Structure formats: C-alpha cells, structure tokens
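Written out below as structure tokens is the structure these notes cover.
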Amino acid sequence: MVRSLSQMWETGLLSQTSRGATRAARFTSEPGIQAPLLLCPTCADALIYRHTMFSGVRPLERWDYFTCVTHGRFEYRERTHRLRPTDL
Ligand SMILES: [Zn+2]
C-alpha cells in the first residue's frame, strides 16, 4: 500500500518533468529508503522526521527534513551527511 502510493507520486512527477522542466524538486513522506535516525545537535533528542525532498536531475540529490521540538527544523543532506538548521 505504502509502496504503491509512492509510485503514484513518482508517476505524477514524471509527467511534469516531460513537459520541459529541467530541474524538479519533489517531496515525499515515504521515500524508498527510510530516513536516518538523527539527534538534535543542540540537545541530542531524537529528531522527528517530517519528509524527504529529491531535487536535481543527475545526480539526484536527497534532503531529509526533521524537527526538534525545542530547536526547530533541520535538514540533512544525504550527499554530504551534513545536518543544518533550515526554514523549510
Ligand atoms: Zn534540540
């Protein structure tokens, strides 16, 4: 069930991309590969996973978005393994 929802998402993206967009960002809360478990860099509480964004064409980059209840929102860039605060 989860997998088929995710596939529908991707199908929708593909039809958008084929209309000429050279760079597409897409959000999903059900990425094919589960987001990592991360700790808040300030208080070391477990961060709450929110969603994942895929962006770019080649290479396709991935960001995972998290929230600390106390310290706000963070993004984790998979390619660089960097966690940093974000407004998104
Ligand atoms: Zn925190």
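Considering only segment 63-79, state which residues are touching a Phe, Trp or Tyr at 6+ places or on another chain (Cβ under 8 Å) and hydrophobic (A, V, I, L, M, F, W, C). Before you say what the answer is, go through the steps one by one.
Within segment 63-79, the subset touching a Phe, Trp or Tyr at 6+ places or on another chain (Cβ under 8 Å) is 63-68, 73-78.
Across segment 63-79, the qualifying residues are Trp63, Phe66, Cys68, Phe74.
Of the numbered conditions (1) within 16 Å of the ligand (Cβ to nearest atom); (2) at pLDDT below 80, Phe66 satisfies every one except a single condition; which is it?
Condition not satisfied by Phe66: (2).
Filter segment 39-73 down to the residues that are without any contact (Cβ under 8 Å) to a residue 12 or more places away in the chain and out of contact with any strand residue (DSSP E or B) (no Cβ under 8 Å at 6 or more places or on another chain), then identify the one that is farthest from Ala25 (Cα to Cα).
Of segment 39-73, the ones without any contact (Cβ under 8 Å) to a residue 12 or more places away in the chain are 39, 44, 46, 58, 60.
From what's left, out of contact with any strand residue (DSSP E or B) (no Cβ under 8 Å at 6 or more places or on another chain): 44, 58.
Working: Ala44: 30, Arg58: 12 Å.
Within segment 39-73, the match that is farthest from Ala25 (Cα to Cα) is Ala44.
Starting from residues that are of a type in the set (Gly, Ala, Ser) and within 14 Å of the ligand (Cβ to nearest atom), keep the ones in segment 33-48 and report whichever is surrounded by the fewest Cβ atoms within 10 Å (Cβ to Cβ). So that I can check it myself, show each step before the final result.
Restricting attention to segment 33-48, the residues satisfying the condition of being of a type in the set (Gly, Ala, Ser) are 35, 44, 46.
Then keep just the ones that are within 14 Å of the ligand (Cβ to nearest atom); that gives 44, 46.
Numbers: Ala44: 9, Ala46: 12.
It comes out as Ala44.
The values are calculated or read from the model by the stated rules, or taken from the named source; none is laboratory data. Keep in mind it's a predicted model, so treat the numbers as computed, not measured. FYI the Cβ positions are ideal-geometry reconstructions off the backbone, even for glycines, and counts take in every protein chain you see.
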